[in-house]
Every structure is written in structure tokens, then in C-alpha cells.
Amino acid sequence: MLSSEVVPLPVTDVDRALAFYTEQAGFTLDVDYHPTSKFRIVQLTPPGSACSVQLVTADSPSRVHKLCLVTTDLAAERATLIDRGVAVGSIRHKDPVETWAGGWSGGLDPERRDYASFADFADPDGNTWVLQERGHRKGVT
């Protein structure tokens, strides 16, 4: 069995990124290890995730795009992030879902189907994240 455990995330300022992810995005700090001035490992985990990110200093313009965060309530998660100061884009859903070919409509999918509703945000370095709703309808009768 394979699973993804850590994704390296390039940033220009580790302290700024650490503040963004812990104070605004709500990630949990797992490790901030810096035994010398030239070596530091900072690892954080999104709430409820089994996969972490590791902040890696990178002066290059290369960034990671469209990392996915899954939530059972996209509207609530988006509101929480906005309350914490994260600039989250509008919610959109696939349209039509059944024969989706790249079209979007504003708002949540009316039936709250899995993998149909999305919103986006970026960190201060330009790494981008996609919030995706899955599991909202579980238990609904």
C-alpha cells in the first residue's frame, strides 16, 4: 500500500509562510526543527489530513499549483478561512455535472454531489490550493 505523507512546498520566507498556514489557514505545526542557522525543517498538516506539507526555502519562481484540500462542507470551510484573513475565491460548481466538459456555474452544486463544488486560495508565495467538497450528502435521507 502506498500513501502520500509529505508534499514539499516552496516558499521564500519560512516564517511568513509558517504564520500564514498556522494562523490563517488553520494548519497544525508538526515540526519546526532548526539545530543550526543553515538547516531548518518546518512541517505542517491541514486539519483532518494524513498528508503534511514541508516548507522548503526556494528563491526560484516555481510554485506548486492546485493542491487539493477536501471538506464535507465547502461553504463553512470557506467562511472559516475568510474569517481568518485568507482570500478565498468564489464557490463554483461543474455545470453540467453529468457531462462536464469544463463549464462552471457560481455557487455550490445544487445537489451537493461529491467532487462537484470548488473554491481556491493562494498562500503569500503563490502556491495555490483547491478546496473541494466531498461527503456532504452522507447520512442525508
(request) Obtain the nm distance between the two label points defined at SER105 and VAL130 by a simple spin-label model: each point lies 7 Å from its Cα along the Cα-to-C-beta direction. (result) 2.0
(message) I'd like the orientation of helix 74-83 relative to the chain: the angle between its Cα long axis and the longest Cα principal axis, in ° from 0 to 90, rounded to 10.
(response) 40
(message) I need the calculated FRET efficiency for the pair ALA50 and ASP83, taking r as the beta carbon distance and R₀ as 22 Å, to the nearest 0.05.
(response) 0.30
(message) Using alpha carbons only, how many angstrom separate the centre of region 62-116 from the centre of region 1-48?
(response) 24
(message) Out of the chymotrypsin sites (Phe, Trp or Tyr not before Pro) in region 106-141, which ones are loop residues according to DSSP with at most 16 other C-beta atoms within 10 Å?
(response) TYR115
(request) Quickly estimate the mean residue ellipticity at 222 nm for the chain, helices only: each DSSP H run with n ≥ 4 gives -39500 (n - 2.57), and the total goes over all residues, rounded to 500. (result) -3000 deg cm²/dmol
(request) Treat each spin label as a single point 7 Å out from the Cα along the C-beta direction, and report the PHE39 to CYS68 distance in nm. (result) 3.6
(message) Can you compute the charge dipole magnitude of the chain about its Cα centre, using +1 on each Lys and Arg Cβ and -1 on each Asp and Glu Cβ, nothing else charged? Give it in debye, rounded to the nearest 20.
(response) 180
(message) Going 7 Å from the Cα of LYS138 along its beta-carbon direction, which residues of region 5-46 have the amide nitrogen within less than 19 Å of the resulting point?
(response) 46
(message) Net charge around LEU108, counting only other residues with Cβ within less than 15 Å of its Cβ (Lys, Arg = +1; Asp, Glu = -1)?
(response) -1
(request) Return a whole-number percent for the relative contact order of the chain, with Cα pairs under 8 Å and 6 or more residues apart as the contact set. (result) 24
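Rule-based calculations on the coordinates, nothing more; no lab input. Predicted model, so just to flag it, every value in this text is computed and none were measured. For neighbour counting, all protein chains shown are included, and Cβ atoms are generated from backbone atoms with ideal geometry for every residue, glycine included.
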